[in-house]
Structure formats: structure tokens, C-alpha cells
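Have a look at the structure below before the remarks.
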Amino acid sequence: MMEKKITAQRKKQKELPALQIPYSTIVRLTHYLRVVEKLDELGVSNISSAELSEETKINSFLVRKDLSYFGEFGTRGVGYDIPSLRRELRGILGLTKTHKAVVVGAGNLGRALIHYSGFLDKGFEITAVFDSDPGKIGSKVENFQVRSVFNLEEYLKGNPETAIGIIAVPAASAQFIANLLIANGIKGILNFAPITLQVPEEVVYSSVDLTTHLEIISFYITHPEAKKMNG
Ligand code: NAI
């Protein structure tokens, strides 16, 4: 009964222009999903926005505001039904299907990413790995045989459902690889190289820099009086 109401209300809001949704909201949705997944697996059935706020360290006003972009999920005084919220968050984040990804760069980082088995559970399947080093091409990483980067274009043309390119090459080669990925239909790029890449507006770009996180830790170690709040 409650579920039907949620769907109906969601439908009403579904056509909200995506532009109205801040990027920071999308980042926080992934935090809510992590918590909701954990609680769902523990068999917890309900969570209030105050509890979700406590678990994620995100202000409860922001929790309610973020979720309200996508419809009214909760019931006043009762909170959120965890299995429904989990389903809704996965739907919003586009996680109801598996996204295929290629890794370019089979060095230390690329290999570590391939060895990590957790992505598939979360809806991301690495389907191929590429490198330019003749000493690495043809070698095995887990179940993958490293392919030549010269075959990247051909691979993407033959596997047009590949949506994500993960860049784990040195900074000097990263833009070239990004251009190649984009020219061959890749819709989203996750870049690990320490360089800001230029990508067309329609391509979703995200970069990971562990140094940034270490710098944030450094700030809080240096200023223990500062209260850490996400969001
Ligand atoms: P690595 O040197 O072990 O591996 C790089 C690989 O890229 C090598 O196998 C090399 O043959 C390959 N490569 C170079 N040019 C290529 C090209 N044009 N096409 C295809 N393959 C190519 O380096 P590592 O440690 O794996 O780091 C990879 C990248 O990730 C670097 O840019 C590094 O700075 C960055 N990195 C970023 C971190 C972060 O926090 N974002 C953390 C660690 C590394």
C-alpha cells in the first residue's frame, strides 16, 4: 500500500529537469544507499531521516531535501521503509542494470582495480583491460588477457554497450586515452591520472585523487576542534 503511494508520488516528480539536481546531492545519495544496503542486509525495516542523518553524518535537513528531489519516499512520523528506499535509490542511480567498463593501463593501479571483485556486486563489470607495453600485452590479470591499446578502438566498436572507461595510465597519456575512449562511444570516464582532462559536456567525468583525501585527513588531524559533517 505504502509502496504504491511512493511510486505514484515518484511518477509525479519524475520529469524534474535533471539540471535542478545538484551534483552534491547525487554524491550524498550514494552515502544513503551504502547505509540503507547495510541496514537492509541486517534486516532493519525502517529508518527515520534523523537516523539516516546520524548514520551518514549528513545534516537531516539535507537528507530530506536530497530525497525530496525525487519524490516523497518517507511517511511522516514513521520514516523510510528500507527495502523500498534501497530500491528507489538504486533506480535513481541507474543501478538496476550492470554497467560495462574497460580499464586502460595495466600497471599497479589498473591491476589492483581488476583484482578487486566488489564492483560487480555494485553493478559495474570490467570487461577488458588495455596497455601499450609489449611486455604486458598478452599477460594475464585475473581472467583477463591484457589487450593492446591499439585494439581499443576496434574493441569498443565491437562492444558498443561499454559505457565507462577507467583511465589508469600516466598523466602524459591520459588525455590521448580519454579522447580515444570518447571518440568510440564511451559515456563516462573515471580518471585516476593526476591531471584534469578535457571532455565534452555530454561525457560524464569523474576523477579520483587519493592525495585530496589525505589532505582532508591532514586538516582534521591538525584541527581536532573542527567538527566533520558530510555534505
Ligand atoms: P604504472 O606505471 O604501474 O602503470 C601505468 C600503466 O599504463 C603501465 O602499464 C603503462 O605501460 C601503461 N601505459 C602508459 N601509457 C599508455 C598508453 N598510452 N596506453 C595504454 N597504456 C599505457 O602506474 P600506476 O601506479 O598504476 O598509476 C597509474 C596512474 O594512476 C598514474 O597516472 C598515477 O599517477 C595514477 N595514480 C593515481 C592515484 C590516485 O589517487 N588517483 C593513486 C595511484 C596512482
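Just so it is clear, none of the values below were taken in a lab; they were calculated from the coordinates. It should be emphasised that the depicted structure is a prediction, and the values quoted were computed from it without experimental measurement. Quick reminder, even Gly has a Cβ in these numbers, built from the backbone with ideal geometry, and neighbours come from all protein chains shown.
With respect to Gly158, is the statement that it is within 21 Å of the chain's Cα centre (by Cα) and away from the ligand (no atom under 14 Å from the Cβ) true? Full working, then the answer.
Numbers: within 21 Å of the chain's Cα centre (by Cα): no; away from the ligand (no atom under 14 Å from the Cβ): yes.
No.
Can you tell me which residue among Val141, Val149, Val104 is surrounded by 17 or more Cβ atoms within 10 Å (Cβ to Cβ), within 9 Å of the ligand (Cβ to nearest atom) and over 19 Å from the mean Cα position of the chain (by Cα)?
Val149
With the requirement that a residue be buried (at least 21 other Cβ atoms within 10 Å of the Cβ) and not small (Gly, Ala, Ser), what does region 157-168 give you?
Result: Thr162, Ile164, Ile166, Ile167.
Would it be correct to say that Ala128 is more than 11 Å from the ligand (Cβ to nearest atom) and either within 21 Å of Asp40 (Cα to Cα) or not in a loop (DSSP other than H, G, I, E, B) (or both)?
Yes; evaluated as a whole, the condition is true for this residue.
Among the numbered conditions (1) more than 16 Å from Ala106 (Cα to Cα); (2) surrounded by 13 or more Cβ atoms within 10 Å (Cβ to Cβ); (3) near the ligand (Cβ under 10 Å from one of its atoms), tell me where Leu214 comes up short.
Leu214 satisfies every listed condition except (2).
Give me a count of the residues in region 184-201 that are touching a residue at least 12 places away in the same chain (Cβ under 8 Å) and either surrounded by fewer than 16 Cβ atoms within 10 Å (Cβ to Cβ) or aliphatic (A, V, I, L, M) (or both).
12
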